[in-house]
Amino acid sequence: MNRTIRKVALLWIGLCISALTGCVSWFYTPGMSELKRLCRLDGGDKIYQVVHTEGYFDANGQLGRTDLMRLIRSDYQFIEYEEAEKPFYHYSAMKEPGIWYIYKSNRDDPNCQARLDEEFAVFKHPKDQDIRDFFTSNCLAARKLDRPESRYWYRNSSSSRYLDDNEEVKLRTSLESIEDVLTNQVLADRRYYSLLPYKKSALDYALTFDCEDAGIEINIVQFPQAILLPLKKQGDKK
């Protein structure tokens with residue numbers, strides 16, 4: 001009898017502790033105060049200058065299909081990037097390492113990339129009709145460069161750090177910038193913070209909080225389109 005009572009008592013104690021822990025975690029999120037502090041300090045976008053351009057150098061590495069679709073759907077005429085020796089994405093726009101200038105052109109351009117035609121031809125979803133229409137009379141062409149020719153560079157990076165000794169609470173910082181390499185001016189920069197407070201919890205794994213969740217309103221625009229305003233093509237170029 002005593003053993004049964006002891007088991008029931010332990011069960012009730014366990015339930016009470018679980019309930020209290022749940023209540024505490026409901027009202028308190030580890031790392032939230034640091035997230036709020038950083039968001040207030042310098043979170044969001046700072047725009048110093050807006051310019052017009054036909055394209056830019058993407059200094060972030062490989063281009064994926066999404067990037068190429070964004071080029072097709074935009075008023076940009078080209079995008080430059082550097083293909084790495086060892087691609088870090090499964091897909092890469094060009095299969096050869098080096099700096100590439102990818103641009104929209106007519107179908108009679110000898111630099112048209114037939115492989116890209118074939119890859120986008122399989123896009124059958126109705127929402128991609130504009131992509132199929134583009135390839136009817138146009139193509140994505142490419143040529144290799146010795147170095148980037150674009151005046152404007154777009155960069156992004158991210159880093160993470162733990163806020164506790166148990167490596168349970170992680171804070172991630174994302175940085176983006178747009179630079180005029182001709183004048184060494186930063187046209188815009190972005191700092192975006194996100195918090196993963198329960199990294200090792202099976203129940204809350206990957207639960208993320210950002211500045212808005214912390215109650216801090218920050219200015220966010222579309223990078224890089226809101227700073228590098230696309231120029232529509234006026235006659236053939238390059």
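The values are calculated or read from the model by the stated rules, or taken from the named source; none is laboratory data. The model shown is predicted, which means the values in this text are computed figures rather than measured ones. Reconstructed Cβ throughout: ideal geometry from the backbone, glycine too, with neighbour counts over all protein chains shown.
Being at pLDDT 95 or above, on the phi < 0 side of the Ramachandran plot and surrounded by fewer than 18 Cβ atoms within 10 Å (Cβ to Cβ) holds for only one residue in THR173, THR208, and it is THR173. Scanning the range 85-109 for residues that are modelled with pLDDT under 80 and surrounded by 16 or more Cβ atoms within 10 Å (Cβ to Cβ) turns up SER92, ALA93. Of all the residues in the range 116-160, those that are surrounded by 10 or more Cβ atoms within 10 Å (Cβ to Cβ) and assigned to a strand (DSSP E or B) number 16. As a summary of the residue check, LYS95 satisfies the conditions (1) over 30 Å from ASN184 (Cα atoms); (2) over 26 Å from the mean Cα position of the chain (by Cα) except for the one numbered (2). When the range 169-194 is filtered for residues that are of a type outside the set (Ser, Thr, Tyr) and without any contact (Cβ under 8 Å) to a residue 12 or more places away in the chain, only ASN184 remains.
The number of residues in the range 37-84 that are buried (at least 18 other Cβ atoms within 10 Å of the Cβ), closer than 18 Å to ARG191 by Cβ and charged (D, E, K, R) comes to 1.
Looking at this structure, is ARG65 over 21 Å from SER174 (Cβ atoms), touching a helix residue (DSSP H, G or I) at 6+ places or on another chain (Cβ under 8 Å) and at pLDDT 90 or above? The answer is no for ARG65.
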